[in-house]
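Before any comments, here is the structure.
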Amino acid sequence: MALSQSSALVIGTGGLGGPALLALAAGGVGRIVLVDDDVVDTSNLNRQPLFGEADLGERKAAAAAARLATLHPDARIEPVDERFVAGRADALVASVDVVVDGSDNFPTKFLASDVAVRTGRPLVHGGVLRTSVQILTVVPGQTGCLRCLFEAPPAPGTVISPAEAGIVGGVSGFAGALMGAEALRLLAGERGAYAGRLFAFETRTARGRIVPVRRRAGCPACGAAAAGAIPRPPDGAGAPGSPGGAGAVE
Ligand SMILES: [Zn+2]
């Protein structure tokens, strides 16, 4: 598929989504849908390359779209100023060729994985906590999904949140750029570098590893008896940029 004929959805426009969006736009992807319901805050500027001081207080979706349009005027950039929630998620994901999850909380990440599996769209999942990075590509029907790996999101309060842990700007930029490059590979018809392979990298020590993620027969999302078995969060649960999320991500 020519990249100009391809489409991508990016969930979140921040530390992960921002660099991924830059890669997709600069790479020539023809249609880019971005979802974010947050506003630009001073605390974002250390790691969110789509935004500058002039954007403070602006809606992230609109500001990100405006920035990307200057990079790639021919692209159709579609900002969606909403939370990525059950009910809306399936239609958004089904409308594109690949999904990049740059959200900052576990409920959204599991929703993205579930919807990708349901709609058959490949998903590039990524997360950052402090100085460590994780990336996994889910290819529905071929590789394991997020629930093959973790089954369910951690209970709120059991995992430190990015807001509590802090995120080093260059680290999320690194992860987001890798996620964007992975999405471009998938759109070009290549097998993803992280397809069924969880890449975990600690930037502080430069130690990395690959963990195989295979489909699990008992997976509630993509296992043998999964049809209709995915628990759906209530509308409103899990959104990019939502404060206090329990995710080890963004
Ligand atoms: Zn699964």
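The values are calculated or read from the model by the stated rules, or taken from the named source; none is laboratory data. Treat the numbers as computed from the prediction; the structure is a model and nothing was measured. FYI the Cβ positions are ideal-geometry reconstructions off the backbone, even for glycines, and counts take in every protein chain you see.
At least 2 residues being under 19 Å from residue 211 (Cα atoms) and within 14 Å of the ligand (Cβ to nearest atom) is the threshold, and among the strands (runs of 3 or more DSSP E) wholly inside the stretch 88-192 those reaching it are 123-129, 132-138. Scan the stretch 225-233 and tell me whether some residue there is within 16 Å of the ligand (Cβ to nearest atom), in a loop (DSSP other than H, G, I, E, B) and at pLDDT 95 or above. The answer is no; no qualifying residue exists.
One residue stands out in the stretch 138-164 among those that are more than 19 Å from the chain's Cα centre (by Cα) and not β-branched (Val, Ile, Thr): the one that is modelled with the lowest pLDDT, namely 164. Restricting the first residue to the stretch 170-197 and requiring it to be farther than 18 Å from residue 11 by Cα, which pairs with a second residue that is among the small types (Gly, Ala, Ser) and buried (at least 17 other Cβ atoms within 10 Å of the Cβ) meet a Cβ separation below 8 Å and a spacing of at least six or different chains? Between residues of the stretch 170-197 that are farther than 18 Å from residue 11 by Cα and residues that are among the small types (Gly, Ala, Ser) and buried (at least 17 other Cβ atoms within 10 Å of the Cβ), the close pairs are 171/132; 185/192; 196/144. Take the conditions (1) surrounded by fewer than 17 Cβ atoms within 10 Å (Cβ to Cβ); (2) at pLDDT 75 or above; residue 179 misses just one of them, which is (1).
Among the residues of the stretch 1-13, those identified as crowded, with 24+ Cβ neighbours inside 10 Å and either touching a Ser or Thr at 6+ places or on another chain (Cβ under 8 Å) or not in a loop (DSSP other than H, G, I, E, B) (or both) are 8, 9, 10, 11, 12.
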